[in-house]
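Working notes, structure below.
Readers should treat all values here as calculations from the given coordinates under stated rules, not as data from a laboratory. All figures in this text were calculated on a predicted structure; none of them were measured in a lab. Please note: Cβ atoms are built from the backbone with ideal geometry, for glycine as well, and neighbour counts cover all protein chains shown.
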Amino acid sequence: MTQPRTLGDFDAVVVGAGFAGLYALHRLRTMGLSVRVFEAGSGIGGTWFWNRYPGARCDIESLEYSYQFSDELQQEWGWSERYATQPEILRYLEHIAHRFDLRRDIELSTRVLSAHFDEATARWTVATDRGSCTASFCVMAAGCLSSTNTPRIPGLDRFAGPTYHTGRWPHEGVDFTGQRVAVIGTGSSAIQSIPLIAEEAARLTVFQRTPNYSIPAHNQPLDPEVVKRVKAGYAGFRRENAQRPFGASFPQNELSALQVDEAERAREYEERWQRGGLGFFTSFSDLIVDRDANRTAADFVRGKIREIVRDAAVAEKLSPKQVIGCKRLCVDTGYYETFNRPNVTLVDVNEDPIEEILPHGLRTKQAVHEVDCIVFATGFDAMTGSLLAMDIRGKGGRSLREKWAEGPRTYLGLGTAGFPNLFLITGPGSPSVLSNMVPSIEQHVDWIAGCIAHLRSRGLRSVEATRAAEEAWVAHVNEVADGTLFPTCNSWYLGANVPGKPRVFMPYLGFPPYVEKCNEVAAKDYEGFALS
Ligand code: NA7
């Protein structure tokens, strides 16, 4: 038997080289720690390395979907559009790697297979497909939306043409010219890519399970005056956004939707629709807590769909029935309009389910749809998928998969009892996907860095969430979610998109109170964590 290659002994191992892993490396290395980052991709960028489908772009505005840890960096970097494209975000991350000399501590094309904690030494042994190493701290920066979900449709292996997943797009791109294309799924990735695929393809058939609400992006080149204004007071702009519920600059209306008359409501929604983007969801204060309030926003969007889509039957199929915002709200450029094109067909798989994939098409209950290629825009095993893909074992050899069999359990989404010195960045139980990810990532990395510095200053070597603190936090996360309309539909926030996944609401709603709680825990000597 060959001995596994030894990759060294480090203070910290970081899994993943996306926004989270890159900043974790920089921050921990600046503190004097020896750090090694393992990244499965052949390049850095995480989400923005993998998701190269046509139209892939961020739906948080570029001036705030960026790091703030270095004012020089945020002053010198110039975004070109209101919403940055995937190539521009990747260029930004490559710039970061270069500017902060990060590459020398990143092992690309290296997949972490397992991480096992040794109680005697209080160290983690991290095994990868290229060798193993040990570390005092293991920082999971593997991404919330990284582990792709491809439905097991009978016959898929017999399909003669190429298949693609939006989250694993070929680097060389795909030319759909003259092709008959199937897109399965109508989440954010589908909503961004469908208009562009439709322009190229000879025929596009969209297979929709749940229609989604989408707000126009009204993307445009960034106005130099806006950039100048933000850059003149960047810290203030960041501070203000951090006070908002989602940690992003969506203007929050403090009024209830039911407190104003119909004309006022329509005016507010129309203004937000014209402005574009996710800020539509903060039109009123109670859209995610009150069904009647929510219905007014949902009706507004359904009305827009009817105005945009000429065929009334297609408009009806595209009209979501669930609570608006319950599934991630989407932002688009010409999505609903695309269904007016003569080369686009919409199939509702609820009334006409896909029964099998044939070598040259898809057979639904009612018809055979001949296609040359299939695009799976079917999303991810969100929040826990990439963590549970690794064999993570804590005290007593207990595996995380076993511990989370009924759903993830964490304290603050940062740590989990029984797994000392294991930190999760934007883990389940933290605002993560319900917030602007980049500030959330920075907040977590800074907190982790502070915690490690605290341990070191006291000559301690281990930190572990207590079971009691974890239980209380899980109960609190559920209580907050139960006070909203989020649990009322089958979203990936609940794991409902992956067959067999336990139905548990995973993110924590409310960026400002969450940050306050983390700061309070740190100030009280890491209350709820056992230090030794
Ligand atoms: P999403 O938002 O999870 O969307 C996946 C889509 O695929 C969604 O419409 C699903 O329908 C659909 N889906 C999943 N499985 C199936 C099967 N078996 N049959 C038909 N349709 C299916 O992933 P995205 O990549 O679009 O976006 C992920 C996040 O990235 C997004 O929220 C933003 O935060 C950025 P369903 O709704 O489950 O009925």
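Dipole check for segment 255-356: with +1 at the C-beta of Lys and Arg, -1 at the C-beta of Asp and Glu, and the Cα centre as origin, the magnitude is about 260 Debye. Computing FRET efficiency as 1/(1 + (r/R0)^6) for Glu88 and Asn343, where r is the C-beta to C-beta distance and R0 is 30 Å, gives about 0.55. Karplus-derived 3J(HN,Hα) values for segment 165-179, using 6.51 cos²θ - 1.76 cosθ + 1.60 with θ = phi - 60°, are 10, 4, x, 9, 6, x, 5, 7, x, 10, 9, 8, 3, x, 8 Hz; glycine and proline are entered as x.
Computed over the chain, the Cα gyration tensor eigenvalues convert (square root of 5λ each) into semi-axes of 38, 28, 23 Å, ordered from largest to smallest. Residue by residue, segment 389-403 carries 3J(HN,Hα) couplings of 6, 9, 8, 9, 10, x, 4, x, x, 6, 8, 5, 4, 5, 4 Hz when phi is fed to the Karplus relation 6.51 cos²θ - 1.76 cosθ + 1.60 (θ = phi - 60°); x denotes Gly or Pro.
Distant-in-sequence amide contacts of Ser319, defined by a placed amide H-H separation under 5 Å and a gap of 5 or more residues or a different chain, comprise nothing. Full extension of the segment from Leu255 to Ser114, taken as 0.36 nm per residue of separation minus the current Cα-Cα distance, would add 45.8 nm.
Just flag the GluC sites (Glu not before Pro) in segment 454-532 sitting in loop per DSSP whose Cβ has no more than 12 other Cβ atoms within 10 Å.
Working: sites: Glu464, Glu470, Glu471, Glu479, Glu516, Glu520, Glu527; in loops: Glu527.
Counting only loop positions with at most 12 other Cβ atoms within 10 Å, the GluC sites (Glu not before Pro) in segment 454-532 are Glu527.
At a Förster distance of 45 Å, what's the computed FRET efficiency of Glu270 paired with Ser70, Cβ-Cβ distance as r, to 0.05?
Working: r = 39 Å, r/R0 = 0.88.
Efficiency, from the Cβ-Cβ distance: 0.70.
For the pair Val226 and His360 in one chain, pulling the backbone fully straight at 0.36 nm per residue adds 43.2 nm over the alpha carbon distance.
Please enumerate, by chain and number, the lysines with C-alpha under 19 Å from the C-alpha of Lys365, excluding those fewer than 8 residues away in the same chain. The reachable lysines, counting only those whose Cα sits under 19 Å from Lys365, are Lys317.
Put a dot 7 Å past the Cα of Glu406, heading toward its Cβ, do the same for Val289, and the two dots end up 2.9 nm apart.
Which length gain, in nm to one decimal place, applies between Glu262 and Asp391 when the Cα-Cα distance is subtracted from 0.36 nm times their residue separation? All intermediate terms of the calculation are to be shown ahead of the outcome.
On the way: separation 129, 0.36 × 129 = 46.44 nm, distance 5.43 nm.
Extra length from Glu262 to Asp391 when fully extended: 41.0 nm.
Spacing of the modelled spin labels on Arg398 and Asp157, each 7 Å from Cα toward Cβ, amounts to 3.8 nm.
Taking segment 281-315, which trypsin sites (Lys or Arg not before Pro) meet the DSSP loop condition and have no more than 11 other C-beta atoms within 10 Å?
Numbers: sites: Arg291, Arg295, Arg302, Lys304, Arg306, Arg310; in loops: Arg310.
Answer by residue number: Arg310.
Only aspartates and glutamates eight or more places from Lys321 in sequence, or on another chain, were considered; those with a Cα closer than 12 Å are Asp299.
Is the shape of segment 124-169 rounded, prolate or oblate, going by the alpha carbon gyration tensor and its root eigenvalues a ≥ b ≥ c, with a/c under 1.5 for rounded and a/b larger than b/c for prolate? Verdict is prolate for segment 124-169. Of interest is the spacing of the C-alpha centroids, which for segment 371-441 and segment 1-71 amounts to 16 Å.
Please give me, ordered by residue number, the trypsin sites (Lys or Arg not before Pro) of segment 368-462 that lie in loop per DSSP and have at most 11 other Cβ atoms within 10 Å. When the trypsin sites (Lys or Arg not before Pro) of segment 368-462 are filtered for loop state and at most 11 Cβ neighbours within 10 Å, Arg458 remain. Helix 262-275 axis versus longest C-alpha principal axis of the chain: approximately 70°, rounded to the nearest ten.
Given a Förster distance of 25 angstrom, what is the FRET efficiency for Arg503 paired with Arg467, based on the Cβ-Cβ distance and rounded to 0.05? The formula returns an efficiency of 0.65 here. With each label modelled as a point 7 angstrom along the Cα→C-beta vector, the Leu531-Arg456 pair spans 1.4 nm. Once you sort the root eigenvalues of the Cα gyration tensor of segment 366-473 as a ≥ b ≥ c, which label holds: rounded (a/c under 1.5), prolate (a/b larger than b/c) or oblate (the other case)? Judged from the Cα gyration tensor, segment 366-473 comes out prolate (a/c at least 1.5, a/b above b/c). Ranking Ala475, Gly236, Thr125 by how far each Cα lies toward the positive end of the dipole of the chain (charges on Cβ) leaves Thr125 at the top.
Which of the three applies to segment 94-233, rounded, prolate or oblate, going by the alpha-carbon gyration tensor with a ≥ b ≥ c and a/c under 1.5 meaning rounded? The shape class here is oblate.
Absence of a disulfide-compatible partner, taken as no other cysteine beta carbon within less than 4.7 angstrom, is noted in the chain for Cys58, Cys133, Cys138, Cys144, Cys330, Cys373, Cys451, Cys518. Evaluating 6.51 cos²θ - 1.76 cosθ + 1.60 at θ = phi - 60° for every residue in segment 284-301, the Karplus couplings come out as 9, 7, 10, 5, 9, 10, 10, 4, 5, 4, 4, 4, 5, 6, 4, 4, 4, 5 Hz, glycine and proline recorded as x. Roughly how many whole Å is it from the C-alpha centroid of segment 460-504 to that of segment 187-212? So the separation of the two Cα centres works out to 32 Å.
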